[in-house]
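Here the structure comes first, spelled out in structure tokens, and everything after it is commentary.
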Amino acid sequence: MLDIIRPGIQTTVQDLGRHGYRHLGVAQCGAMDGPALWLANRLVNNAANLAGLEMVAGPIEIRFERAAWFALTGADFAATLDGQAVHSGWRNHSAVGQVLKLHGAKAGMRAYLAVDGGIAVAEILGGRATDIQAKFGGFKGRALKAGDQLPLGPTSHLERRIGAWQAEWSPQVRVLPGPEFEQFSPDARATFFEHAWTISAQSNRMAYRLEGPVLTRNVSGELLSHGVLPGVVQVPSNGQPIVLLADSQTTGGYPRIAVVIEADLWKFAQAPAGRKIHFVETDLDGACAAREEWRHNRYRFELSAYGNHG
Amino acid sequence: MDGGAGAGVFVENVEIPVRYGGADGPDLSVVAEHAGMTTEEVIAAHSAAEYVVYFLGFQPGFAYMGGLPERLATPRRADPRLKVPAGSVGIGGAQTGIYPSAGPGGWNLIGRTDLRLFDPTREEPILLRPGDLIKFVPLGDPSD
């Protein structure tokens, strides 16, 4: 059991997302920084898709009610265990009753906690992720509160501490041109790639709103509603892009200027309001190569940590 | 009626009991004014038509339906509500739909149903499926 003493703001139970239910209108949800939760789980030898905690803002305090191996990844929250520094990207051990404190992001935005055995909330519609909008999944379909007690799965027998390299954040986000890309004016298309876009304070797990020059569309008229996915970049009539993310609704109606490749989606998870990002054009081959590179990194980790590729 | 002859796809007829107007449908008079009809005529027209579920999206179990009588088409609210109660029946442009869970929404709300359109713990989490044929059945006195 994990005892939540101080919950922070918007700490949620997340896995790698709920897949296969978009046709019912059910969002994907799951960790905004998927690679970080993947790594946290694999550092404690959990199946990659077990549930952990996504944390956005400290201070957070969690008591371990059983001895546990745990790992923190993603943003460095200056964590301590009973006052001793705990480093991000490493496997750590806690005895019964020890308290993990996370002060808040030194850089980046979201930290992930995985505990051996995973957070054993019930699986609903193929996942354990919290759907905050529809209020189901995770722990009671909501962000954590003080006094919550989270069940844990069976403990593992691990020995040594291991650590791993974590990807470095950069403001370059690779995109494919979207279905309506050609409908934007030549100026707008150039500006989209040349301008540094500022992440607005009006950003959340559903979507990030970006601020910059107004992008104009040459074609008027509304589109029919269509399916959308995390990564789709919409431009409503105010000309300011919106990047759909993990909790994105399943359908939309705004023109799609671009689509962020899967390998770069995590960069938004680690970019707080006010940060600037650049869109960089790539193509399908570029997107596939980026995915291969990420697979290769995972393979390398498995090989060094467990002597096989999981 | 079933469409099973094609590919084992079954279409169901679903009746949705609705309390029109009042606190359950705060925009009924907006739709009536836009259509140049009385609220009673709007209720009669909305519940006389047969609708087809085009697809699900926006929220879990939210059914976009076609078949709204042309006169009832009403533009979305300029200022979307921050909280639309679950079960609210709305009109957005030429479509009608039902909000499965409470949340923000910009459609004109004309009534409300107690049916649960989405329940993730049910074996079949959704009530309405694409292709289903829908009728709205008015409940009680619309003025109360």
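Bear in mind that the values in this text are calculations on the coordinates, not laboratory data. Predicted model, so just to flag it, every value in this text is computed and none were measured. Here Cβ is always computed from backbone atoms with ideal geometry, including for glycine, and neighbour counts include all displayed protein chains.
Charges only on Cβ, +1 for Lys and Arg, -1 for Asp and Glu: so what's the dipole of segment A:2-150 about the Cα centre, in debye to the nearest 20?
220
Can you give me the distance in nm between label points at A:Arg291 and A:Ala146, each placed 7 Å from the Cα along the Cα-to-Cβ direction?
4.6
Considering only the other residues whose Cβ falls under 14 Å of the Cβ of B:Lys83, what net charge follows from Lys and Arg at +1 and Asp and Glu at -1? Let's see the in-between values first.
Numbers: positive: A:Lys135, B:Arg77, B:Arg81, B:Arg112; negative: B:Asp79.
It works out to a net charge of +3.
Between segment B:13-36 and segment A:138-166, what is the C-alpha centre distance in whole Å?
47
Where does the charge balance sit around B:Met37 when Lys and Arg score +1, Asp and Glu -1, over other residues with C-beta under 13 Å from its C-beta? The partial results should precede the final answer.
Values: positive: B:Arg71; negative: B:Glu33, B:Glu40, B:Glu41, B:Glu70.
Net local charge, B:Met37 excluded: -3.
Quick check: Cα centre of segment A:39-63 to Cα centre of segment A:246-262, how many Å?
27
Going through segment A:26-121, which chymotrypsin sites (Phe, Trp or Tyr not before Pro) have at most 11 other Cβ atoms within 10 Å and a DSSP loop state?
Here no chymotrypsin sites (Phe, Trp or Tyr not before Pro) fit, given the DSSP loop and packing criteria.
Residue by residue through segment B:100-108, what is 3J(HN,Hα) from phi via Karplus (6.51 cos²θ - 1.76 cosθ + 1.60, θ = phi - 60°)? Round to whole Hz and write x for glycine and proline.
Taking θ as phi minus 60°, the curve returns x, 9, 5, x, x, x, x, 7, 7 Hz for segment B:100-108.
For segment A:197-261, just say rounded, prolate or oblate: build the C-alpha gyration tensor, square-root its eigenvalues into a ≥ b ≥ c, call rounded for a/c under 1.5, and beyond that prolate if a/b exceeds b/c, oblate if not.
Values: a/c = 1.94, a/b = 1.09, b/c = 1.79.
Oblate, because a/c is 1.5 or more while a/b does not exceed b/c.
Using a/c under 1.5 as the rounded threshold, could you call segment A:172-288 rounded, prolate or oblate? The axes a ≥ b ≥ c are square roots of the C-alpha gyration tensor eigenvalues, and prolate needs a/b larger than b/c, oblate otherwise.
Rounded.
Let me have the 222 nm mean residue ellipticity of chain B computed from DSSP H runs of 4+ only, each contributing -39500 (n - 2.57), with the sum over all residues rounded to the nearest 500. All intermediate terms of the calculation are to be shown ahead of the outcome.
Numbers: 2 runs with 18 residues, N = 144.
Calculated at 222 nm, the ellipticity per residue is -3500 deg cm²/dmol.
Select from A:Phe181, A:Val219, A:Ser200 the residue farthest towards the positive end of the dipole of segment A:172-288; place +1 on Cβ of Lys and Arg, -1 on Cβ of Asp and Glu, and compute about the Cα centre.
A:Ser200
What do you get for trypsin sites (Lys or Arg not before Pro) in segment B:49-144 restricted to DSSP loop and a cutoff of at most 12 other Cβ within 10 Å of the site's Cβ? Before the final figure, lay out the partial values.
Values: sites: B:Arg71, B:Arg76, B:Arg77, B:Arg81, B:Lys83, B:Arg112, B:Arg116, B:Arg122, B:Lys135; in loops: B:Arg76, B:Arg77, B:Arg116, B:Arg122.
In loop regions of segment B:49-144 (DSSP not H, G, I, E or B), the sparsely surrounded trypsin sites (Lys or Arg not before Pro) are B:Arg122.
Using a Gaussian network model of chain A with C-alpha springs under 10 Å, which one of A:Leu215, A:Leu244, A:Leu43 is most mobile by mean-square fluctuation?
Residue with maximal mean-square fluctuation among A:Leu215, A:Leu244, A:Leu43: A:Leu215.
Under 13 Å Cα-Cα from A:Lys135, which aspartates and glutamates qualify once same-chain neighbours fewer than 8 residues away are excluded?
A:Asp247, B:Asp119
Collect residues whose amide H, placed 1.01 Å from N in the peptide plane, falls under 5 Å from the amide H of B:Phe62; neighbours closer than 5 in sequence don't count.
The list, which skips near neighbours in sequence, is B:Gly57.
Near the amide H of A:Ala120, under 5 Å away, which other amide H atoms are found, from residues 5 or more places off or on another chain, if H is placed in the peptide plane?
Close amide H contacts, sequence-distant or interchain: A:Leu152, A:Gly153.
Any idea what angle helix A:284-306 forms with the longest principal axis of chain A, computed on alpha-carbon atoms, 0 to 90 degrees, nearest 10?
Helix A:284-306 sits at roughly 10 degrees to that axis.
With a/c under 1.5 counting as rounded, go ahead and sort segment B:57-139 into rounded, prolate or oblate using the C-alpha gyration tensor (a ≥ b ≥ c being the square roots of the eigenvalues; past the cut-off, prolate if a/b is larger than b/c, else oblate). Intermediate results must be reported in sequence, preceding the final value.
Values: a/c = 1.80, a/b = 1.28, b/c = 1.40.
Taking the square roots of the gyration eigenvalues as a ≥ b ≥ c, segment B:57-139 is oblate.
Which of A:Lys106/A:Lys267; A:Lys106/A:Lys145; A:Lys106/B:Lys83 have a Cα-Cα distance over 25 Å? Mind showing how you got there, number by number?
Details: A:Lys106/A:Lys267 16 Å; A:Lys106/A:Lys145 23 Å; A:Lys106/B:Lys83 35 Å.
Violating the 25 Å limit, Cα to Cα: A:Lys106/B:Lys83.
Suppose we flag GluC sites (Glu not before Pro) only when DSSP calls them loop and at most 12 other Cβ atoms lie within 10 Å. Which is the longest uninterrupted stretch of chain A? Each step should come with its number before you reach the end.
Values: sites that count: A:Glu159, A:Glu168, A:Glu222.
Segment A:1-158 is the longest.
What are the aspartates and glutamates whose alpha-carbon lies under 12 Å from the alpha-carbon of B:Lys135, with same-chain residues fewer than 8 places away excluded?
B:Glu12, B:Glu15, B:Glu50
Going toward the positive end of the dipole of segment A:27-131, with +1 on Lys and Arg Cβ and -1 on Asp and Glu Cβ, which of A:His87, A:Pro59, A:Ala27 do you reach last?
A:His87
Through the Karplus equation 6.51 cos²θ - 1.76 cosθ + 1.60, θ set to phi - 60°, convert the phi angles of segment B:62-74 into ³J(HN,Hα) values in whole Hz; use x for Gly and Pro.
So the J values, rounded to whole Hz, are 6, 9, 7, 10, x, x, 5, x, 3, 5, 7, 4, 9.
Amide H to amide H under 5 Å from A:Thr251: which residues, 5+ apart in sequence or cross-chain, H placed 1.01 Å off N in plane?
A:Val228, B:Phe58
Over segment A:172-288, what is the relative contact order in whole percent, taking alpha-carbon pairs under 8 Å and six or more residues apart?
Numbers: 251 pairs, mean separation 46.3, N = 117.
After rounding, I find 40 percent.
With θ taken as phi - 60° and the coefficients 6.51, -1.76 and 1.60, list the Karplus ³J(HN,Hα) couplings across segment B:37-48 in order, rounded to whole Hz; mark glycine and proline as x.
10, 7, 4, 4, 5, 5, 4, 4, 5, 5, 8, 7
Going by alpha carbons, how many degrees (0 to 90, nearest 10) lie between the helix axis of A:34-43 and the longest principal axis of chain A?
The helix A:34-43 is inclined about 20 degrees to chain A.
Report, to two decimal places, the Cα Rg of the protein assembly as shown normalised by 2.2 N^0.38 Å (N = number of residues).
Values: Rg = 24.3 Å, N = 454, 2.2 N^0.38 = 22.5 Å.
Taking N as the residue count of the protein assembly as shown, the ratio is 1.08.
Assign unit charges at the C-beta atoms only (+1 for Lys and Arg, -1 for Asp and Glu), then state the dipole size of chain A relative to its Cα centre in Debye, rounded to the nearest 20. Before the final figure, lay out each step's value.
Values: 30 positive and 29 negative charges, 136 e Å.
It comes to approximately 660 debye.
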